[in-house]
1. Run down the aspartates and glutamates and flag those whose C-alpha is under 17 Å from the C-alpha of LYS133, throwing out any fewer than 8 positions away in its chain.
2. Expressed in nm to one decimal, what extension gain is obtained for the pair ASP263 and LYS95 from 0.36 nm per residue of sequence separation less their Cα-Cα distance?
3. Please list, in order along region 206-217, the HN-Hα scalar couplings obtained from phi with the Karplus expression 6.51 cos²θ - 1.76 cosθ + 1.60 (θ = phi - 60°), rounded to whole Hz, x for Gly and Pro.
4. Tally Lys and Arg at +1 and Asp and Glu at -1 over the other residues with C-beta under 15 Å from the C-beta of GLY86: what net charge comes out?
5. Ignoring ligands, DNA and RNA, what accessible area per residue does region 208-338 give at 1.4 Å, in Å²?
6. Using only Cα atoms, tell me the angle between helix 87-98 and the longest principal axis of the chain; keep it within 0 to 90° and round to the nearest 10.
7. Cα convex hull of the chain: how many Å³ per residue?
8. In Å², and per residue, what accessible area does region 46-139 have when probed at 1.4 Å with the other protein chains present?
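The values are calculated or read from the model by the stated rules, or taken from the named source; none is laboratory data. These figures come from a predicted structure and were not determined experimentally. No Cβ is skipped: glycine too gets one built from the backbone with ideal geometry, and neighbour counts run over all protein chains shown. SASA here: full protein model, heavy atoms, side chains in, ligands and nucleic acids out. Shrake-Rupley method; radii C 1.70, N 1.55, O 1.52, S 1.80 Å.
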Amino acid sequence: MHQKNLWQDNSKEKITFSNLKKSITTDLVIIGGGFTGCSAALSAAKNGLSVTLIDQKIGYGGSGRNVGLVNAGLWMHPEKVESILGLAAGVKLNKALATAPDLVFSLIDSYEINCSANRSGTLHCAHSEKGLKDIQLRFKQLSERGAELELFDRQQTQQRTGSSKFFGSLFNKKAGIINPLDYCLGLARAAKSYGVNIYESTIATNIQSINNDWLIKTAEGTIKAKMLLIATNAYQKPIEGLNPSKYTSVQYFQVATKSLPSDLVKSVLPNGEGCWDTASVMSSFRLDADNRLIIGGIGNLGHSASKIHTNWARRKIESLFPHLKNIDIEFCWHGRIAMTGDHIPKILRLGSNAYSVFGYSGRGIGPGTYFGKAVSECLISGDETSLPVDPLDYYQEPFSKIKAGFIEFGATAIHLL
Ligand SMILES: Cc1cc2nc3c(=O)[nH]c(=O)nc-3n(C[C@H](O)[C@H](O)[C@H](O)COP(=O)(O)OP(=O)(O)OC[C@H]3O[C@@H](n4cnc5c(N)ncnc54)[C@H](O)[C@@H]3O)c2cc1C
């Protein structure tokens, strides 16, 4: 099946930028125009910096390809985050990311971002008895930390999703769904309104640090800046003078059906929640603003066996919603997730006034927006204690290629069944 990204096809925040063809000087240069880079640019410009942001295309990376689930926290249980980072640092990160959906939806409201935002909550659906125990434990841990959640039983979950397949679900009413590409483009539009210079078709090819300045070379221009943010996450193109970010690349794909016929619209997710399940090879489902059903799962659509994934998606639709058997699929696309060994995002110090941020491990709408803003504030204040995680001078991700191959092989094998 020919790949076509639903978010690109249906984008409402249409905004484009020309490429850089001169030498410029700026306070802060940002490489990468996803959630992280655009959020950082907006925040820095609001705080008075002159900012230049470059990318081949705003939203080209994960930000323009993702599911659109605006979640609080990370994928992991909060207690796990605290055990990995230590109590104080774990509590700090958990607290920061618990507020991330508020930040995202307030930016959408403030800048009237046209991204089909629907804050009707998310459902983490238990696919098995074991999955039910998992969401019960999450409910306990998150509630103890102040989250307002509800546990739904099998029947309530069926009413909410329209599917009888789940053993229960965890409802977060403060979360929601968006068209992720339009959210990213809207952030770029807002950043531009504060004077950020944005250049597309502009790739950083070389970085040098000269006398406390950063010098970035692109094909037809140069940028000199006091401060630097690398926000390239899983889509980093090689840049001479910069060590590549270290993460395991995990592929996630989605298919979208044609709009559900009007008599079936209320039969699937009548309240419009965004959903994902507890399976270790996870899947997600949601509706878009035109009532297309979007199903996603781990897998790469770029290899010769990728039909296994799209065939699985058809079977998954039928298994969850038998009455949608044979519904046409109009879109399919995939993207790369930057996974770190401990699933905690990383902030790397690159030198004087320079950071790289990556490794959201599949949850980057809230975290990317939050980390981008936090890093830009830290660049201005010089206060690293305000960052959601302690910055590192060095990060290594051993065996990342082997891990990536293993995950893709495992997902393909499971999707064959
Ligand atoms: C299929 C999929 C589904 C996902 N679903 C969700 C979800 O539902 N909810 C959620 O919270 N998260 C989700 N995520 C994760 C989320 O999308 C990412 O964590 C997030 O987009 C990362 O944002 P970013 O700005 O850091 O990086 P990106 O959006 O990847 O942006 C990086 C940018 O850097 C640019 N770049 C790279 N190299 C250079 C260079 N040399 N010069 C100039 N520019 C360069 C790239 O072109 C790219 O646009 C999903 C990810 C994928 C792939």
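1. Within reach: GLU79, GLU144, GLU150, ASP153, ASP277.
2. Working: separation 168, 0.36 × 168 = 60.48 nm, distance 4.26 nm.
Full extension from ASP263 to LYS95 adds 56.2 nm.
3. 3J(HN,Hα) across region 206-217, in whole Hz: 8, 10, 9, 9, 10, 6, 6, 10, 9, 10, 10, 9.
4. Numbers: positive: LYS80, LYS92, LYS95; negative: GLU79, GLU82, ASP342, ASP390.
Around GLY86, the charge tally is -1.
5. Working: 5390 Å² over 131 residues.
Solvent-accessible surface per residue comes out at 41 Å².
6. Taking the Cα atoms of the chain, the angle to 87-98 is about 70 degrees.
7. Details: hull volume 55.3 nm³, N = 417.
Spread over its residues, the Cα hull of the chain gives 133 Å³ apiece.
8. Values: 3950 Å² over 94 residues.
Computed with neighbouring chains in place, this is 42 Å² per residue.
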